[in-house]
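Trainee: Structure below; questions to follow.
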Amino acid sequence: MKKITDSVSWVGKIDWELRKFHGDEYSTHRGSSYNSYLVQDKKTVLIDTVWAPFSKEFVETLDKVIELEEIDYIVANHAEIDHSGALPEILKKIPGTPVYCTANGVKSLKGHYHEDWNFQVVKTGDTLSLGAKELVFIEAPMLHWPDSMMCYLTNENILFSNDAFGQHYASEFLFNDLVDQNELYTEALKYYANILTPFSSLVVKKIEEVLSLGLPVNYICPSHGIIWRDNPAQIVQKYLEWAQSYKENRITLVYDTMWEGTRTLAEALARGIQRADPSVEVKLYNLAKTDKNDVIADVFRSKGILVGSPTINRGILTSIAGFLEELKGLGFKGKKAGAFGCYGWSGESLKLIVHGLKDCGFDLVGEGIRVLWRPDDVSLQAAEQFGEEFARAVQ
Ligand code: FEO
C-alpha cells in the first residue's frame, strides 16, 4: 500500500517483468502496473483491481491493509481483464458487495466472468456518497472500450481516469515528478500512439466535457503507470495535442528487404530527404528487425512516412503487410505517405503498398519508386530525387 492522500491509497501491482501486453500485441520494455485504489471515508471503496495472474497476491496484500469486509463498494471503471482480473477472487471473499460500473460494463464483466454480481449501473453525473467525500461518475465510452468510465473524488480533487493518461511504465515511484521525464513521456506517447489514436476525436470531446465541469484536479490517477500530481494538466494538454493530427518535423521510413535492394532504396530516399530539408529528422526501420510498437510511435510523431517492400509471390513481405493492417486500424490523420520497393519479375509490391497506404487514410505523394533487380546508380539517383520531392511535399 502507498499513500496518495490521507484517505486515498494505491493498492495495485507493479509488473516489472511484463514485456508484452494485449497478448503479444504491445511491447512493454519498461513493464507496467495495474493500479488499484482504496478510498477510505465513512464508507470504503475499492477502485479497479489487477490482472488475473496477480489476483491472489492482490487480495492477500489487501487483506493485510484492511479487513476485506470493510470494503463497502467496488468501482469497476473498465472491464478489460488487466483491471477486472481480481474481481472473482475478491468477490469470493466479500460476496454481494456492490460493483459500480456502466451498463456496458455489466455486459463486458458478465461476458468475461459469467457471474451475476451485485452490479450497480451508473451514468455520467451519478454520485456515490462516501461520507465527507463523494465519487462522481463520468462515462467515457470508447476510451477505449464501450464500458470505459472515469470517476472523480470530491474534496481530494482526484480524477481516477482508468486507461486514459496511463503509461506502461513500472516504477517504485508513485508520482510523475519523481521519475525520469524522458522515460515517462516516451511511454505515455507510445501508449497514446498505439492504443488511443483511433479514438482521438472522442479524446478531445471527453477532455472538453470534463474541463467544462470546472472541477479542480489535484491528481490524475490512471490505471497504468505513475500518478500525475505535479501539474496534472500537463498530460491533459499533451493529449489535446496528440489527439489533433499530431506531427513533428520527422519522416519515418519503414521497410523490409530480402537481398538489400529495398534497403538501399530506403537509404537513397533518406539522402534525398536530407538534401531537400536538412532540418527534418529522418528515421529508418527495417521492420523485420524492429519492435513494431516503437515504429508506430515514430509514425505517430512523423509528418510523412515511406513504406517499402520487395515483391514476393506477387505480394509483399509479411512484416509490411501486418504493419499496413495495423496502421489501417489506428487511422492516423493528416500524414503524407509514399511507397517503394524492388522486384525481379512481376513487381506488384509498389501497387499493393500504395493501395494499403490509401486504405490507411494517408495522403499519397507521387507514384512511388519501383526498381527492377538491384538498384544501380541511376535507380538510386531516382530514389534520391523522389526523397527530395517527398520532403518538399510534406513541408
Ligand atoms: Fe488497461 Fe483497457 O485496459
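Trainee: DSSP loop GluC sites (Glu not before Pro) in the range 363-395 with at most 16 other Cβ atoms within 10 Å of their Cβ, which ones?
Mentor: For GluC sites (Glu not before Pro) across the range 363-395 that sit outside H, G, I, E and B with at most 16 neighbouring Cβ atoms in 10 Å, the list reads Glu367.
Trainee: Are there chymotrypsin sites (Phe, Trp or Tyr not before Pro) in the range 224-259 that DSSP marks as loop and that have at most 12 other Cβ atoms within 10 Å, and which are they?
Mentor: Sites meeting the loop and neighbour criteria: Trp259.
Trainee: For the range 1-117, what class follows from the C-alpha gyration tensor (a ≥ b ≥ c being the square roots of its eigenvalues): rounded when a/c is under 1.5, otherwise prolate if a/b is larger than b/c, else oblate?
Mentor: It is oblate, given that a/c is not under 1.5 and a/b is not larger than b/c.
Trainee: Can you give me the three principal axis dimensions of the range 259-370 from its C-alpha atoms, in Å, biggest first?
Mentor: 37, 32, 27
Trainee: With each label point set 7 Å from Cα along the Cα-Cβ vector, what nm distance links Glu326 and Asn313?
Mentor: The modelled label-to-label distance comes out at 2.1 nm.
Trainee: Let me ask something else. In cubic angstrom, how much convex hull volume per residue do the alpha carbon atoms of the chain span?
Mentor: Spread over its residues, the Cα hull of the chain gives 135 Å³ apiece.
Trainee: Output the antiparallel fraction of DSSP beta bridges having both residues in the chain, as a percent to the nearest 5.
Mentor: Here the antiparallel bridges make up roughly 45 percent for the chain.
Trainee: Tell me, what % of the accessible area of the range 113-268 is carbon and sulfur with a 1.4 angstrom probe?
Mentor: That fraction is 51 percent.
Trainee: Here is a follow-up. So, for the chain, what is the accessible surface per residue at a probe of 1.4 Å, expressed in square angstrom?
Mentor: On a per-residue basis, the chain sits at 42 Å².
Trainee: Give me the extension gain from Trp259 to Ala288: residue separation times 0.36 nm, minus the current Cα-Cα distance, reported in nm with one decimal.
Mentor: So the extension gain works out to 9.1 nm.
Trainee: Now, a different point. Take the alpha-carbon centre of the range 283-304, take the same for the range 2-63, and report the distance between them in whole Å.
Mentor: Each part reduced to its Cα centre gives a spacing of 30 Å.
Trainee: Taking R0 as 45 Å, what's the FRET efficiency between Trp345 and Asp180 from their Cβ-Cβ distance, rounded to 0.05?
Mentor: About 0.30, to the nearest 0.05.
Trainee: Here is a follow-up. Sorted by packing (mean other beta-carbon atoms within 10 Å per residue), highest first, where do 352-362, 124-134, 191-201 land?
Mentor: Sorting 352-362, 124-134, 191-201 by mean packing, highest first, produces 191-201, 352-362, 124-134.
Trainee: Non-local amide H neighbours of Gly308 (under 5 Å, H modeled in plane, Pro and chain starts lacking H): which ones?
Mentor: The list, which skips near neighbours in sequence, is Val254, Tyr255, Asp256, Phe340.
Trainee: What share of Cα pairs, in percent, lie more than 22 angstrom apart in the range 91-204?
Mentor: Result: 48 percent of Cα pairs exceed 22 Å.
Trainee: Equivalent ellipsoid semi-axes for the range 26-73, as square roots of 5 times the alpha carbon gyration tensor eigenvalues: give them largest first, rounded to whole Å.
Mentor: Largest first, the range 26-73 gives 25, 12, 8 Å.
Trainee: Calculate for the chain the 222 nm mean residue ellipticity that helices alone would give, adding -39,500 (n - 2.57) per DSSP H run of length 4 or more and normalising by residue count, nearest 500 deg cm²/dmol.
Mentor: Theoretical 222 nm ellipticity from helices: -10500 deg cm²/dmol.
Trainee: Taking only C-alpha pairs under 8 Å that are 6+ residues apart, what is the relative contact order of the chain in percent?
Mentor: 11
Trainee: Rg and Dmax in Å for the range 342-395, alpha carbons only: what are they?
Mentor: Cα radius of gyration and Dmax of the range 342-395 are 12.2, 35 Å respectively.
The values are calculated or read from the model by the stated rules, or taken from the named source; none is laboratory data. Just so it is clear, the structure is predicted and the values come from calculations on it, not from any experiment. For neighbour counting, all protein chains shown are included, and Cβ atoms are generated from backbone atoms with ideal geometry for every residue, glycine included. Accessible surface areas use protein heavy atoms only, side chains included; no ligands, DNA or RNA. Shrake-Rupley method; radii C 1.70, N 1.55, O 1.52, S 1.80 Å.
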